[in-house]
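Below is one structure, written out as structure tokens; the observations come after it.
The values are calculated or read from the model by the stated rules, or taken from the named source; none is laboratory data. As the structure is a computational prediction, the values presented were derived from the model and not from experiment. Positions of Cβ are generated from backbone atoms using ideal geometry, with glycine treated the same way; all protein chains shown enter the neighbour counts.
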Amino acid sequence: MSTEYTADEMMSVAAARALAGGKSCFVGIGLPSKAANLARRTHAPDLNLIYESGCLGAKPARLPLSIGDGELADTADAVVSVPEVFNYWLQPGRIDVGFLGAAQLDKFGNINTTVIGSDYHDPKVRLPGAGGAPEIAASCGEVFIVLRQNPRAFVEKVDFVTSFGHGTGKGDRERLGLPGRGPTLVVTDLGLLRPDPDTAELTLTELHPGVELDRVVAATGWKLKVAEDLKTTPAPTDEELQVLRDLEKASA
Amino acid sequence: MSTEYTADEMMSVAAARALAGGKSCFVGIGLPSKAANLARRTHAPDLNLIYESGCLGAKPARLPLSIGDGELADTADAVVSVPEVFNYWLQPGRIDVGFLGAAQLDKFGNINTTVIGSDYHDPKVRLPGAGGAPEIAASCGEVFIVLRQNPRAFVEKVDFVTSFGHGTGKGDRERLGLPGRGPTLVVTDLGLLRPDPDTAELTLTELHPGVELDRVVAATGWKLKVAEDLKTTPAPTDEELQVLRDLEKASA
Amino acid sequence: MAELLSLEEAVARLVHDGDTVALEGFTHLIPVAAGQEIIRQRKRDLTLVRMTPDIVYDQLIGAGCARKLIFSWGGNPGVGSLHRFRDAVQHDWPVPLEIEEHSHAGMANRYVAGASGLPFAVLRGYTGTDLPAQTDTIKPITCPFTGEQLTAVPALNPDVTIVHAQRADRAGNVQMWGITGVQKEAVLAAKRSIVTVEEVVDELEPRPGAVVLPSWAVTAVAEVPGGAKPSYAAGYYERDNAAYQAWDAVGRDREEFTKWLNELTGVKA
Amino acid sequence: MAELLSLEEAVARLVHDGDTVALEGFTHLIPVAAGQEIIRQRKRDLTLVRMTPDIVYDQLIGAGCARKLIFSWGGNPGVGSLHRFRDAVQHDWPVPLEIEEHSHAGMANRYVAGASGLPFAVLRGYTGTDLPAQTDTIKPITCPFTGEQLTAVPALNPDVTIVHAQRADRAGNVQMWGITGVQKEAVLAAKRSIVTVEEVVDELEPRPGAVVLPSWAVTAVAEVPGGAKPSYAAGYYERDNAAYQAWDAVGRDREEFTKWLNELTGVKA
């Protein structure tokens, strides 16, 4: 483990590793797309990437700059219409993992990408909005979320529920009849959080190497619970870093 | 008018002529398809043929043997899925004329292609069923029907309403909210019938040349009304017959 | 990921007595070989689904494989009636055949709902006809925004859908082109699926008008050259219209049909 | 049949003040030139519709053309926020902007309903989110067969839809390929439509993955080479990523934006 790496690189590598068992992944743009493409190039060559622009089985040689990058269409097994990707492919629960980013995330894994501030009609900050996320969060087998950890992003309760995670706790998804298991993993630049099996509250289960627990607690806007058997993420391997950097270089 | 012709040829020619003003035509297989293709080769070269197999703007060089003939796909402007042809193209009322055949037709232009006999569960004759006809009859701007005239086919009331014409008379379509005008013309081997403007009852408006009125009355299973200004269909021209026969020869 | 199997094994493993089975195709690419394999394996009590049941459904019905047919148009395209179908409906021969009857628009939307993971679909359909009175699978539904009344039909989710396509690659990705009808929806609506193909190739070269079913959406692929005959496979062979005409005489007569069936299944008369 | 017009004439004749206008495109084939022509012609009080409003919508909003936006994701793809959109929502500049907000799945299905001549669409969507509370365009609906509760959204039927495509023939048949998003549905849902194309050709040679819009489903076709720049047109040009980045600085500042706008519309400062 001789190579130096950044916290963002650790985040991408940890997110990529999470895609080990996943067969198909509905990929949000940005950090999720980077991680999914890193996974495809390292331990998960058969990972099936689905983008909401209608690209099924995309195999981009460089990181797509947007959800509708031509590279995705050119390398896909099939390009279908946007209504079809949502209706025929996402909605029936065919996709194993939904991989999302977030502007705000709360302790039950609910995602806000709509507005910051308590008044929807007079927001402090108007965010881009929902995109495909509400139905990705509802219909995929499980959901991974990747975002940088800080107290503005990690809040007790999101200002606006754009995409439903575990609501107010364990059992809410079942009560609403949501088919997927919802967020099972949050990957940040500091560590990994997973919903507590009993309460569904996001709990720190892994620290990235060299990160102090205090720092994670300070970066979290709620009283962070920590798993009893808190583990340390293995540092990125030389190969992981090499592939990640090549990917980023090819996309510059 | 030197050339001899058969009653079926007269029927096809008369049906083809009816497509003069039509810009787009949803074509049933058999007699309607023959007439529509004849029209395209004579007075209506721009006639836009739509087949329920998903072929938009088909320009077959020979008569298609079925609704899914490869010739239709090979010559179409676009081939779409079957759900799409019904949902995006037929249902919103984009098609000017629906051109249908029938096993049984009643005096209000209702069509039966389901069962002969009064008991659906124990029919005298089981017919092929609805196919695309119910929604073609409902959604096209107007409907032309072509079939040979005889008392078994032309009945007071159909045994089963597979496709709605004018129901029990004028105003029924409006009451049901059906967008199209319904059957406006029936072409037979003996003449033409049109709905009476006041009652919507099918009324003989044209006799084919050489056909006696008595014969049409006898071939109709209800007390046939005859238009006051009963006209005679112009006989097929040499060109019409030539094109029709070439078309049939090319399809043998 | 789709498994590459022989047709015999695919049918044996994936089609069970009592299943709801759709063999789809719209004149083009009819999975005839697969249908006849079902007859050979003497599957029973099937609920058969198809928009346009044609001669292979006549054969399945005549062979006594089906207890129910869900359909919208049953005929021998370009020829006339399906006599085995008629005989089953009119005279319960060889076994009674329950029917559930729709229009094409209704059936297409039922598959769409099935493929979409929805319990029903909405359309403008059946208005004024006698069809809704014969089934509990056509119901009114009111638009929550305009108050307008429309028609709802329930999703179709076959246990198995079988279609025929031109090609698959070795990973089991399927490619079909020409008139592809409702095949994608029928496969996606089903719990399991079998695709018979003209050939398995190393690479699926893109083609105009091609529909691709990714391998992970298909259960089994079986290479069956000519598997759509006597229907046609664009790019491979033409429709054998004479065979459709010849079927009329076979299907019309119980004895003739029984002879045909014995020959297919290898039974000595 | 589609009429071949200049872009100027097509916009002048088919886009009216107060219209509901959709300029669709999913990163690929964005009808940027048409959007800027709407700005030049100073159309006002438009209800703009788009799943993914990007920089051309930022420009339309900043120019004061819109009074309402119906959308599901508004951003500068790969760069960040739309500052004119933010400024309009947060500070009513230059005019207040009403918003009607959906998810992609909801918007796509609203276009599908519009294209299908239905007043609404059904989906599994929005469950548990705060979106339904902000609009009367998301309502529950009950399956008449299973009793299950799902979500209904009303049809979108723009007065005008504008899309960009690679090619049209002289009869006005349109061909596009690559990522074609929701463009077919948006055109078919609209009362009128304009398609800008890279080129008008004698014949539309079939291509893998191509979607064809027949001439009779389109109102006007305008030849506008480069009409999708700075987005891309597969087979013609690549995306100009630098232009998207450069927009961030222009859009971020009212003065910079006003300069840009004056340049576009030929106003002397």
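In the range D:205-219, what count of residues is obtained for those that are over 23 Å from D:R192 (Cβ atoms) and surrounded by 21 or more Cβ atoms within 10 Å (Cβ to Cβ)?
1
Any residue at all in the range D:63-71 that is farther than 25 Å from D:G226 by Cβ, among the aliphatic types (A, V, I, L, M) and either more than 9 Å from every other protein chain (Cβ to nearest Cβ) or touching a residue at least 40 places away in the same chain (Cβ under 8 Å) (or both)?
Here is the first cut: in the range D:63-71, the residues farther than 25 Å from D:G226 by Cβ are D:64, D:67-71.
Subset that is among the aliphatic types (A, V, I, L, M): D:69-70.
Still in the list and also either more than 9 Å from every other protein chain (Cβ to nearest Cβ) or touching a residue at least 40 places away in the same chain (Cβ under 8 Å) (or both): D:69-70.
Yes, there is a match, as at least one residue in the range D:63-71 is farther than 25 Å from D:G226 by Cβ, among the aliphatic types (A, V, I, L, M) and either more than 9 Å from every other protein chain (Cβ to nearest Cβ) or touching a residue at least 40 places away in the same chain (Cβ under 8 Å) (or both).
Restricting the range B:172-193 to residues that are among the charged types (D, E, K, R) and surrounded by 18 or more Cβ atoms within 10 Å (Cβ to Cβ), which is nearest to C:Q149 (Cα to Cα)? Can you show your working first?
Within the range B:172-193, the subset among the charged types (D, E, K, R) is B:172-175, B:181, B:189.
Next, from what is left, pick out any that are surrounded by 18 or more Cβ atoms within 10 Å (Cβ to Cβ): B:172-173, B:189.
Working: B:D172: 16, B:R173: 15, B:D189: 39 Å.
Per the criteria, the residue is B:R173.
Condition test on C:A168, is it among the small types (G, A, S) and more than 8 Å from every other protein chain (Cβ to nearest Cβ)? Reasoning before the result, please.
Details: among the small types (G, A, S): yes; more than 8 Å from every other protein chain (Cβ to nearest Cβ): yes.
When the stated conditions are applied, C:A168 passes them.
If you go through the range D:50-59 one residue at a time, do you hit one that is without any contact (Cβ under 8 Å) to a residue 60 or more places away in the chain, in contact with a strand residue (DSSP E or B) (Cβ under 8 Å, 6 or more places away or on another chain) and under 30 Å from D:Q149 (Cα atoms)?
yes
Pick from C:K191, C:K259, C:K184: which is surrounded by fewer than 23 Cβ atoms within 10 Å (Cβ to Cβ), basic (K, R) and within 21 Å of the chain's Cα centre (by Cα)? Steps first, answer last, please.
Values: C:K259 fails: within 21 Å of the chain's Cα centre (by Cα); C:K184 fails: surrounded by fewer than 23 Cβ atoms within 10 Å (Cβ to Cβ).
The unique qualifying residue is C:K191.
Considering only residues that are in contact (Cβ under 8 Å) with a residue 60 or more places away in the chain and surrounded by fewer than 21 Cβ atoms within 10 Å (Cβ to Cβ), which ones fall in the range C:89-126?
C:W93
Within the range D:200-222, can one find any residue that is acidic (D, E), touching an Asp or Glu at 6+ places or on another chain (Cβ under 7 Å) and not in a loop (DSSP other than H, G, I, E, B)?
Checked against the condition, which is being acidic (D, E), touching an Asp or Glu at 6+ places or on another chain (Cβ under 7 Å) and not in a loop (DSSP other than H, G, I, E, B), the range D:200-222 yields no hits at all.
State all residues of the range B:16-60 that are more than 13 Å from every other protein chain (Cβ to nearest Cβ) and part of a helix (DSSP H, G or I); if no residue qualifies, say none.
Selection gives B:A16, B:R17, B:A18, B:P32, B:A35, B:A36, B:N37, B:L38, B:A39, B:R40, B:R41.
In the range B:9-68, how many are free of Cβ contacts under 8 Å to residues at least 40 places away in the same chain and on the phi > 0 side of the Ramachandran plot?
The qualifying residues number 2.
Could you give every pair whose Cβ atoms fall below 9 Å, whose first residue belongs to the range D:201-216 and is more than 10 Å from chain C (Cβ to nearest Cβ), and whose second residue is surrounded by fewer than 18 Cβ atoms within 10 Å (Cβ to Cβ) and at pLDDT below 95, counting only separations of at least 6 or pairs across chains?
Partner pairs satisfying both residue conditions: D:S215/D:M1; D:W216/B:K23; D:W216/D:M1.
Does C:E255 meet the test of being within 30 Å of C:D87 (Cβ to Cβ) and either assigned to a strand (DSSP E or B) or assigned by the TED database to the domain that holds C:H16 (or both)?
Here the answer is yes, as C:E255 does meet what is asked.
Identify the single condition in (1) farther than 24 Å from D:V212 by Cα; (2) touching a Cys at 6+ places or on another chain (Cβ under 9 Å) that B:L90 does not satisfy, given that it satisfies every other one.
Against the list (1) farther than 24 Å from D:V212 by Cα; (2) touching a Cys at 6+ places or on another chain (Cβ under 9 Å), B:L90 comes up short only on (1).
If you check every pair at least six apart or on different chains, which have Cβ atoms under 7 Å apart with a residue in the range D:128-144 that is not assigned by the TED database to the domain that holds D:G114 first and a residue that is crowded, with 19+ Cβ neighbours inside 10 Å and among the charged types (D, E, K, R) second?
Here the result reads none, with nothing in the range D:128-144 linked to a residue that is crowded, with 19+ Cβ neighbours inside 10 Å and among the charged types (D, E, K, R).
Does C:Y111 satisfy being outside the structural domain of C:D45 (by the TED database) and under 27 Å from C:P230 (Cβ atoms)?
On the way: outside the structural domain of C:D45 (by the TED database): yes; under 27 Å from C:P230 (Cβ atoms): yes.
Judged against the criteria, C:Y111 is a match.
I'd like to verify a number: residues in the range B:61-107 that are part of a helix (DSSP H, G or I) and not hydrophobic (A, V, I, L, M, F, W, C), how many?
Number satisfying all stated conditions: 8.
Name, by its number, the condition in (1) more than 20 Å from the chain's Cα centre (by Cα); (2) modelled with pLDDT of 95 or more; (3) not β-branched (V, I, T) that does not hold for B:E240.
It fails just one condition, (1).
Going through C:S103, C:S81 one at a time, which residue ends up being more than 14 Å from chain A (Cβ to nearest Cβ), within 26 Å of B:L90 (Cα to Cα) and within 19 Å of the chain's Cα centre (by Cα)?
Numbers: C:S81 fails: within 26 Å of B:L90 (Cα to Cα).
Just one listed residue meets the conditions, C:S103.
Here's a check for you: in the range C:226-252, which residue that is hydroxyl-bearing (S, T, Y) and not in a loop (DSSP other than H, G, I, E, B) is nearest to C:G78 (Cα to Cα)?
Step one: list which residues in the range C:226-252 are hydroxyl-bearing (S, T, Y), which gives C:231-232, C:236-237, C:244.
Checking which are not in a loop (DSSP other than H, G, I, E, B) leaves us with C:232, C:237, C:244.
Working: C:Y232: 14, C:Y237: 18, C:Y244: 8 Å.
It comes out as C:Y244.
Search the range D:2-30 for residues that are on the phi > 0 side of the Ramachandran plot and in contact (Cβ under 8 Å) with a residue 60 or more places away in the chain and pair each with any residue that is among the basic types (K, R) and not in a helix (DSSP H, G or I) when their beta-carbon atoms are under 9 Å apart and the residues are at least 6 apart or on different chains.
Final answer for the pair search is D:G25/D:R50; D:T27/D:R239.
Would you be able to tell me the number of residues in the range B:51-87 that are under 17 Å from D:P214 (Cβ atoms) and of a type in the set (D, E, K, R)?
Number of matching residues: 5.
Just to be sure, is B:A130 within 10 Å of another protein chain (Cβ to nearest Cβ) and either assigned to a helix (DSSP H, G or I) or touching a Cys at 6+ places or on another chain (Cβ under 9 Å) (or both)? Spell out the reasoning first.
Values: within 10 Å of another protein chain (Cβ to nearest Cβ): yes; either assigned to a helix (DSSP H, G or I) or touching a Cys at 6+ places or on another chain (Cβ under 9 Å) (or both): no.
When the stated conditions are applied, B:A130 does not pass them.
Looking at D:W177 and the list (1) within 14 Å of chain C (Cβ to nearest Cβ); (2) over 18 Å from the mean Cα position of the chain (by Cα); (3) crowded, with 18+ Cβ neighbours inside 10 Å; (4) not polar (S, T, N, Q), which single condition is not satisfied?
(2)
Conditions (1) of a type in the set (S, T, Y); (2) more than 9 Å from every other protein chain (Cβ to nearest Cβ); (3) closer than 22 Å to C:V182 by Cα; (4) more than 19 Å from the chain's Cα centre (by Cα), marked per residue:
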{"residue": "A:G70", "(1), (2), (3), (4)": "no, no, no, yes"}
{"residue": "A:D74", "(1), (2), (3), (4)": "no, no, no, yes"}
{"residue": "A:V82", "(1), (2), (3), (4)": "no, no, yes, yes"}
{"residue": "A:N87", "(1), (2), (3), (4)": "no, no, yes, yes"}
{"residue": "A:P92", "(1), (2), (3), (4)": "no, no, yes, yes"}
{"residue": "A:L100", "(1), (2), (3), (4)": "no, yes, no, no"}
{"residue": "A:N110", "(1), (2), (3), (4)": "no, no, no, no"}
{"residue": "A:H121", "(1), (2), (3), (4)": "no, no, no, yes"}
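Would you kindly identify the helices (runs of 4 or more DSSP H) lying entirely within the range A:135-252 that contain at least 3 residues that are at positive phi?
Working: elements: A:172-176, A:213-218, A:238-250.
Qualifying helices (runs of 4 or more DSSP H): none found.
Only residues that are away from chain C (no Cβ under 14 Å) and either within 28 Å of B:K124 (Cα to Cα) or out of contact with any His (no Cβ under 9 Å at 6 or more places or on another chain) (or both): list them for the range B:182-198, please. Lay out the reasoning, then the answer.
Start the filter on the range B:182-198 by keeping residues that are away from chain C (no Cβ under 14 Å), which leaves B:184-198.
Of everything in the range B:182-198, those that are away from chain C (no Cβ under 14 Å) and either within 28 Å of B:K124 (Cα to Cα) or out of contact with any His (no Cβ under 9 Å at 6 or more places or on another chain) (or both) turn out to be B:T184, B:L185, B:V186, B:V187, B:T188, B:D189, B:L190, B:L193, B:R194, B:D196, B:P197, B:D198.
Every residue in the range C:220-246 that is buried (at least 22 other Cβ atoms within 10 Å of the Cβ) and within 14 Å of another protein chain (Cβ to nearest Cβ), please.
C:A228, C:S231, C:Y232, C:A233, C:R239
Mind checking which residues of the range C:127-165 are hydrophobic (A, V, I, L, M, F, W, C), farther than 21 Å from D:A113 by Cβ and surrounded by fewer than 23 Cβ atoms within 10 Å (Cβ to Cβ)?
C:A133
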